[in-house]
């Protein structure tokens, strides 16, 4: 009659551990808000469509991310990967909304006789670990020990070319600032009302066009 009890107890422990790991991996113990984000971005009137066409390409710099991890020094921006589908669609929708061009054309290389925007995305590993490993401790202790700070840091570079000549590069940084702790589990619903990474990424597009217009490049 007592034979099955140890297995039942083991199953209960494993089940509890599995549930705990699912909660932690699903970020249920996190509250994160991405900054900076212009709260009035969606209400801004799009720029007047004064250009017939504008060429662009979206890339992700794997080399820049890798160098930040292993510390090899100079960053080679030429070793690239395509962006994630999520990042691509976020940027494409923002470009459609904010661009001063009537037509947006995706190109794989620099267009010599056109206005061309080279967009490079990268994840900043070093800055994302400004908590100095405390978030790893939080995970290993099932979120009993808290951590907070910049949990995810990203960079976007816009290179603006006119007739094949680089006019200027615009750099933007956005970060997910927040906390990770089991005590936040009942308050995870707050994330429904915070700014997400897509909001911050899209915000860089409007900032780029506004600054380039101020520089009289559009």
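See the values below:
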| quantity | calculated |
| --- | --- |
| Total residues in the range 174-209, condition in contact (Cβ under 8 Å) with a residue 12 or more places away in the chain and over 19 Å from residue 148 (Cβ atoms) | 11 |
| Residues of the range 98-124 that turn out to be buried (at least 16 other Cβ atoms within 10 Å of the Cβ) and more than 24 Å from residue 28 (Cβ to Cβ), as a count | 15 |
| Residue check, residue 149 in contact (Cβ under 8 Å) with a residue 24 or more places away in the chain, touching a strand residue (DSSP E or B) at 6+ places or on another chain (Cβ under 9 Å) and crowded, with 18+ Cβ neighbours inside 10 Å | yes |
| Positions within the range 168-194 being exposed (fewer than 14 other Cβ atoms within 10 Å of the Cβ) and not in a helix (DSSP H, G or I), in sequence order | 168, 169, 171 |
| Any chance residue 209 is modelled with pLDDT of 80 or more, under 24 Å from residue 92 (Cβ atoms), assigned to a loop (DSSP other than H, G, I, E, B) and in contact with a helix residue (DSSP H, G or I) (Cβ under 7 Å, 6 or more places away or on another chain) | no |
| Unmet requirement for residue 106, which otherwise passes all of (1) closer than 30 Å to residue 186 by Cβ; (2) more than 19 Å from the chain's Cα centre (by Cα); (3) at pLDDT 90 or above | (1) |
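The values are calculated or read from the model by the stated rules, or taken from the named source; none is laboratory data. Because the structure is a prediction, the values reported are computed rather than measured. We place every Cβ from the backbone using ideal geometry, glycine too, and count neighbours over all the protein chains shown.
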